[in-house]
Structures are given as structure tokens and as C-alpha cells.
Amino acid sequence: MNDSFIRERISNLRLKKGVSEYKMSLDLGHSKSYIQSISSGKSLPSLTEFLYICDYLGVTPKEFFDTKNDEPILHQELCEISKSLDSSDLELLIRLAERLS
């Protein structure tokens with residue numbers, strides 16, 4: 001992993017959330033070009049800002065860096081839904097997931 005991974009991951013997750021660079025920058029309390037400067041490679045967020053970005057995008061740092069997970073937001077939503085299922089529904093969901101994969 002390198003700087004370009006971080007830039008691309010932020011951009012991809014931002015697009016999946018349906019938020020512009022401008023809006024995300026302002027929502028995070030920065031100038032309107034903050035996220036654009038990260039996306040273009042002019043800068044990288046500090047660790048503190050990175051954590052705010054993850055929170056804003058709805059992912060954990062672990063999910064952010066999980067290269068096998070292209071849809072961390074959807075996975076997280078599925079996990080939250082599955083918490084309310086009983087064991088028979090969970091088994092059905094597992095069988096369905098196995099069949100789809």
C-alpha cells in the first residue's frame with residue numbers, strides 16, 4: 001500500500017457515498033478544496049484527519065485498508081442487519097451467500 005492507494009480509496013468510498021469533494025471538504029470543516037488536494041496527490045491527511053475521514057465515510061480504518069473488500073459500507077450494513085436475525089435466518093443467509101459466491 002502506498003499514497004495512491006489512500007487517495008484512490010478515499011475517492012472510491014466518497015463516490016459510493018454520493019458526496020462531492022467540495023461537500024466532503026466542507027462537512028469535515030476544511031476549505032472547499034481539501035479533499036481535491038488529497039485526491040490529486042498534493043497532500044495526504046494527518047492521522048487524526050484520516051480517522052475523521054473514515055468516520056465520515058462510515059468505515060473503520062481496518063475496513064478502509066482491507067483490499068479484499070470493495071464494498072465496506074455494504075458489508076457493514078449487512079452485518080448490522082444480520083445482528084437482528086435469529087439462527088435459522090442466519091443459516092439461510094449463509095447458504096444464500098455461499099450459493100451466490
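Rule-based calculations on the coordinates, nothing more; no lab input. The structure displayed is predicted, hence computed values, not measured ones. Here the Cβ is made from the backbone with ideal geometry for all residues, glycine too, and neighbour counts use every protein chain on show.
Side notes on the structure shown:
- Spans of helices (runs of 4 or more DSSP H) in the chain with at least 3 residues in contact (Cβ under 8 Å) with a residue 24 or more places away in the chain, surrounded by 15 or more Cβ atoms within 10 Å (Cβ to Cβ) and not aromatic (Phe, Trp, Tyr): 3-17, 34-39
- Filtering the range 5-24 to residues that are under 23 Å from Leu74 (Cα atoms) and not hydrophobic (A, V, I, L, M, F, W, C) leaves Arg7, Glu8, Arg9, Ser11, Asn12, Arg14, Lys16, Lys17, Gly18, Ser20, Glu21, Lys23.
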